[in-house]
């Protein structure tokens, strides 16, 4: 049958499983909107194009379902770039569709025509620009395949207006998604990994974000339990092992790391890293991080192996498949149990080395904000975080007990991710609380998206750690360069700026709090409100966060 390309693309999205879209219509994409109107896809109208991508991103992080981000041409399309980068660096698949000028105008610089193929090439797995309607079915099949295959990530469809309106012969019943083949491990290399572990005395496992993407946390924990190997999680895998699990050694790193994680990594003689990138905020000084210990690195992406440093053994594999084969091989090879004093004392040391959070200060210590947040919310609550000093405190201090409940902008550190991401997570799981803890400056990035939570009745809770400073930039200026300039924001606390009026103007509720007790009570009101609730917590202005240049030299400020 003859159908328009815009109709075919919507039909394919439905068949590929998309049920939710985050977008802003416009003249350059309205033909697609014509067919979205009656499709079984819920559409959430955002207030900024970047927010569309962040919401779709977090929707996947929370549900492992791909969502659509859609907007018009020109500046609408270019506003997608930050969100595409944020998703791409964290291996998050999303389908982005943007409008484009007619194909015959592409070399004429018409209104709102921009070369998105070139612009978005480095922040997506691929950019498609169909030049004929007939290209749509195979293009979409490939797009959905690429999003899911290997290292996941976003794709972008740059959709010329005349192609949207063009016709093709197409029957959705004949369309079949492309099969995804898992990346399987080399059995000989898995055997070598088990042999290397058998020669160790103090092994350590790193659970990375790739384990979360493969939904292999339980299998990895089972392996660790069988052989009594401590587990640290990267920032992207936070929540992958319960906080109080006897083998949970926290995080390692120079920023979002924890003392217990750094200690156990430094005390290890072999490290098994699965689905991790060995990024700079995790490793710090590589000479210290590597030491004399051996490294086994398992990752689905071959180019990731050896990117930061050459491991003693690299294995290209899907995390779940690698863990499965490791279990089988370790059993066959009778891998020894590593239970020793180091393992036995881990739970005690984890408590003894935990950073203090129960400060009674007024103004409120930022640490106390996380203390109260940890107490207020259950294990099913979804948390988002973006960048800055508040993100670092969040990584260090928040307690997360379940996979897929901590949804950070990890590799990009994107201010503005927090609020639209919380909304996207809430759309994915409306039965759970969605909470973001962010700085006062961070609230002004994408803060308008609280309006979306109001109009679609998807309430979130926003906790502002108001320290009236660009806290992390100030710390970097003073610590690395010996100056302080353009980072103080006293007006965020002195009444000049009123975030509660902002909240109320967007149909939300909120209150400003000054003491730990007021914060505790406000969190309970927020949970019961049934509307988006903004809590502006007035905090110590110049509190620094613990960090350093190596995992052996973290300076503590509280």
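FYI, it's all coordinate maths here, none of it is from the lab. This is a predicted model, so every value here is computed, not measured. As a convention, Cβ positions derive from the backbone with ideal geometry for all residues, glycine included, and neighbour counts pool all protein chains shown.
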Quiz item: Taking the alpha-carbon centroid of each part, what is the distance from the stretch 227-302 to the stretch 489-558 in angstrom?
Solution: 30 Å
Quiz item: One-quarter of the Cα convex hull surface for the stretch 170-247, in nm²?
Solution: 8.1 nm²
Quiz item: Relative contact order for the chain: what is it in percent, counting Cα pairs under 8 Å that are at least 6 residues apart?
Solution: 14 percent
Self-check item: Gained length - residue 198 relative to residue 215, 0.36 nm times residue gap less alpha-carbon distance
Solution: 3.5 nm
Quiz item: So between residue 521 and residue 285, what do we pick up on full extension, going 0.36 nm a residue minus the alpha carbon distance?
Solution: 80.7 nm
Exercise. Please tell me the relative contact order of the stretch 188-239 in percent, rounded to the nearest whole number, where contacts are Cα pairs under 8 Å and at least six residues apart.
Key: 45 percent
Quiz item: From Cα coordinates alone, what are the radius of gyration and Dmax values for the chain in angstrom?
Solution: 24.2, 72
Exercise. Would you please state which residues of the stretch 482-503 a label at residue 514 would reach in this model, taking the label point 7 Å out along Cα→Cβ and a backbone N cut-off of under 18 Å?
Key: 490-501
Exercise. Take the Cα gyration tensor of the stretch 411-508, multiply each eigenvalue by 5, square-root it, and list the three semi-axes largest first, rounded to whole angstrom.
Key: 29, 17, 9
Quiz item: Hey, what D do you get for the stretch 103-241 in µm²/s if you plug the Kirkwood alpha-carbon radius into Stokes-Einstein at 25 °C and 0.890 mPa s?
Solution: 127 µm²/s
Quiz item: Can you list the equivalent-ellipsoid semi-axes of the stretch 366-548, largest first and in whole Å, using the square root of 5 times each Cα gyration tensor eigenvalue?
Solution: 25, 18, 15
Quiz item: Assuming R0 = 22 Å, what is the FRET efficiency of residue 455 and residue 380, from their Cβ-Cβ distance, to the nearest 0.05?
Solution: 0.30
Quiz item: With no solvent and one point per C-alpha, what does the Debye sum give as log10 I(q)/I(0) for the stretch 464-558 at q = 0.15, 0.22 Å⁻¹?
Solution: -0.72, -1.07
Exercise. Express the C-alpha Rg of the stretch 96-161 as a ratio against the empirical globular expectation 2.2 N^0.38 Å, rounded to two decimals.
Key: 1.14
Practice problem: Take the Cβ-Cβ distance between residue 355 and residue 132 as r, set R0 to 56 Å, and report the resulting FRET efficiency rounded to the nearest 0.05. | Solution: 0.45
Self-check item: Set of the stretch 1-30 residues, backbone N closer than 18 Å to the point 7 Å along the Cα-Cβ line of residue 172
Solution: 1-22
Exercise. Average the reciprocal distances over every distinct pair of alpha-carbons in the stretch 143-187, invert the result, and give the Kirkwood radius in Å.
Key: 13.7 Å
Quiz item: Over the stretch 1-142, how many percent of alpha carbon pairs lie in each 10 Å bin up to the one with the longest distance?
Solution: 12, 44, 38, 6, 0
Quiz item: Arranged from highest to lowest average of other beta-carbon atoms within 10 Å per residue, in what order do the peptides 5-18, 70-83 appear?
Solution: 70-83, 5-18
Practice problem: Using only alpha carbon pairs under 8 Å that are at least six residues apart, calculate the relative contact order of the stretch 23-75 and give it in whole percent. | Solution: 54 percent
Quiz item: So, in Å, what gap is there between the alpha-carbon centers of the stretch 352-401 and the stretch 40-74?
Solution: 28 Å
Quiz item: Taking 0.36 nm per residue of separation and subtracting the Cα-Cα distance, what length does fully extending residue 165 through residue 226 add?
Solution: 16.1 nm
